[in-house]
Amino acid sequence: MLLKGYRLAIQHVMFIVLMYGGRFGVNLGPAVPCFACPYVTGCGGYCYLMGLQGYIGFGISLGHFWGFEGLRALGYLLLFAGLVMLLGKAWCGFACPFGLISDWITLARRRLGIPEAKIPPAALRRLGAVKYALLGFCAAGPILVNLGVLHRDFYIPFCQMLCPGKPLLPLFAGETRHFALDLTNAATLVITASSLAVTGACLAAMIARPRFFCTFCPMLALIHLLKPITPLALRKNPALCHGCGTCQRVCGMDVERVCTEKASADVQTGDCVNCGDCVAGCAADGALSLQFAGRTVVSSSAGLALGLRKPRP
Ligand code: SF4
Ligand code: SF4
Ligand code: SF4
């Protein structure tokens, strides 16, 4: 419970920094490893997915990759990798504004006593592969634009068409303009209609399941691909596990492996957002831990689990 409380507090501080930081002179730059959206006026940092599409996609396809643009793209890539090395997937569990909005919706659903929609774990794992396809789309989309396959108005196609953060996050800065259809031409109509349809579907699904969009998020895919350079890790000592299943029950992402793994210490799957709820919920002393560079930051214990072991509605 204590750990969950700290996490909530950190999430809210990061929400203020990433959503409003620019208004008081704080900006983490254009390579932030979570949905810190540049469509929010006065935000405190920009999601790297926009850079991935803009700098790398256009850099490669316009042949600028070895010039100043190439150096700039490399610089942002290194900055992104550095930020991932610092916090790993804790950017998702502790810092992402869109992740916090998702958690607010889940909290409201539970308060209203609405049960969570269930998806079989095998189906969830298959759905999780979609995030890698979306990551490929982020990189390939701008190249298709420069090859003339896509209209030039699709210049950052993931942000424009598929990211629910683009219309939803600016709402917290009082901006509703991304909820309008753009009738300039057929391409802008497709872009804005797609954005509204995806956002509506995501909102409905986020009410039904916690962190639903995170299952499909290309940022999570990208951070997971950098797992070998990430010091922050979720570890398990299978010998200390009781097999009670609490870790999976409290996990918003419904990660099964934390509970079922019987041999390996590495239980950080591609869908894990490193929120630490399983560590906080597990009552087996030392069975689960969050570690940084091999050192335990926090580990499970009966005391830590108090108040968190009730099954989710
Ligand atoms: S996976 Fe979820 S928490 Fe992580 S960047 Fe994507 S939306 Fe944010
Ligand atoms: S909550 Fe702890 S003891 Fe229970 S299954 Fe998960 S790791 Fe094992
Ligand atoms: S496995 Fe644990 S750390 Fe990962 S998302 Fe689930 S509860 Fe959070």
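For LEU288, the amide hydrogen comes within under 5 Å of the amide hydrogens of ASN237, SER300, counting only partners 5 or more places away or on other chains and with H modelled in the peptide plane.
Each residue of the stretch 245-255 was assigned a 3J(HN,Hα) from its phi angle through the Karplus curve 6.51 cos²θ - 1.76 cosθ + 1.60 (θ = phi - 60°); the sequence is x, 4, 4, 6, 5, 8, 7, x, 8, 6, 6 Hz, with glycine and proline shown as x.
Report, as a whole number in µm² per second, the diffusion coefficient that Stokes-Einstein gives for the chain at 25 °C and 0.890 mPa s using the Kirkwood radius over alpha carbon pairs. Taking Rh from Cα pairs, D becomes 121 µm²/s.
For ALA173 and LEU196 in one chain, what is 0.36 nm times their gap in residues minus the Cα-Cα distance, to one decimal in nm?
Numbers: separation 23, 0.36 × 23 = 8.28 nm, distance 1.84 nm.
Full extension from ALA173 to LEU196 adds 6.4 nm.
Taking a ≥ b ≥ c as the square roots of the eigenvalues of the Cα gyration tensor of the stretch 84-240, is the shape rounded (a/c under 1.5), prolate (a/b larger than b/c) or oblate? Oblate, since a/c reaches 1.5 and b/c is not below a/b.
The string of couplings for the stretch 38-54 from the Karplus curve (6.51, -1.76, 1.60, θ = phi - 60°) is x, 6, 8, 4, x, 5, x, x, 10, 4, 5, 4, 5, x, 4, 6, x Hz, one whole number per residue in order, with x for Gly and Pro.
To check you understand DSSP bridge types, tell me what percent of the beta bridges within the chain (both residues inside) are antiparallel, rounded to 5. Show your work: numbers first, answer last.
Working: 10 of 11 bridges.
Here the antiparallel bridges make up roughly 90 percent for the chain.
Summary value for the chain: 20 percent relative contact order, contacts being C-alpha pairs under 8 angstrom separated by 6+ residues. The residue among ALA193, LEU225, ALA208 whose Cα reaches farthest toward the positive pole of the charge dipole of the stretch 173-245, with charges on the beta-carbon of Lys, Arg, Asp and Glu, is LEU225. Pairwise inverse Cα distances across the stretch 73-134, averaged and inverted, put the Kirkwood hydrodynamic radius at 14.6 Å. Phi angles of the stretch 122-129 translate, via the Karplus equation with coefficients 6.51, -1.76, 1.60 and θ = phi - 60°, into HN-Hα couplings of 5, 5, 5, 5, 5, 4, x, 5 Hz per residue; Gly and Pro are given as x. Taking label points 7 Å from Cα along the Cα-to-Cβ direction, ALA187 and ILE10 give a separation of 4.2 nm.
Let me know the whole percent of all Cα-Cα pairs from the stretch 231-305 that are separated by more than 22 Å. Here the long-distance tail beyond 22 Å is 7 percent of all Cα pairs in the stretch 231-305. Only Lys, Arg, Asp and Glu carry charge here, each on its Cβ (+1 for the first two, -1 for the last two); on that basis the stretch 190-275 has a dipole of about 140 debye about its Cα centre. Relative contact order, whole percent, for the stretch 219-292 stands at 44, derived from Cα pairs under 8 Å and 6 or more residues apart.
Can you give the charge dipole size of the chain about its Cα centre, rounded to the nearest 20 debye, using +1 on the beta carbon of Lys and Arg and -1 on the beta carbon of Asp and Glu? Walk me through the intermediate numbers first.
Details: 27 positive and 13 negative charges, 159 e Å.
Charge dipole of the chain: 760 debye, to the nearest 20.
Charge tally around LEU8: other residues with Cβ under 12 Å, Lys/Arg +1 each, Asp/Glu -1 each, net 0. Note on the chain: helix-only mean residue ellipticity at 222 nm, from DSSP H runs of 4+ residues weighted -39500 (n - 2.57) and normalised by residue number, equals -13000 deg cm²/dmol. With 0.36 nm allotted per residue and the present C-alpha distance subtracted, the PHE68-ARG110 stretch has 10.0 nm of extension available.
Just so you know, all these numbers are worked out from the coordinates, no wet-lab data involved. Being a predicted model, the structure only gives us computed values, none of them experimental. In this analysis, Cβ positions are derived from the backbone assuming ideal geometry, glycine residues included, and neighbour counts consider all displayed protein chains.
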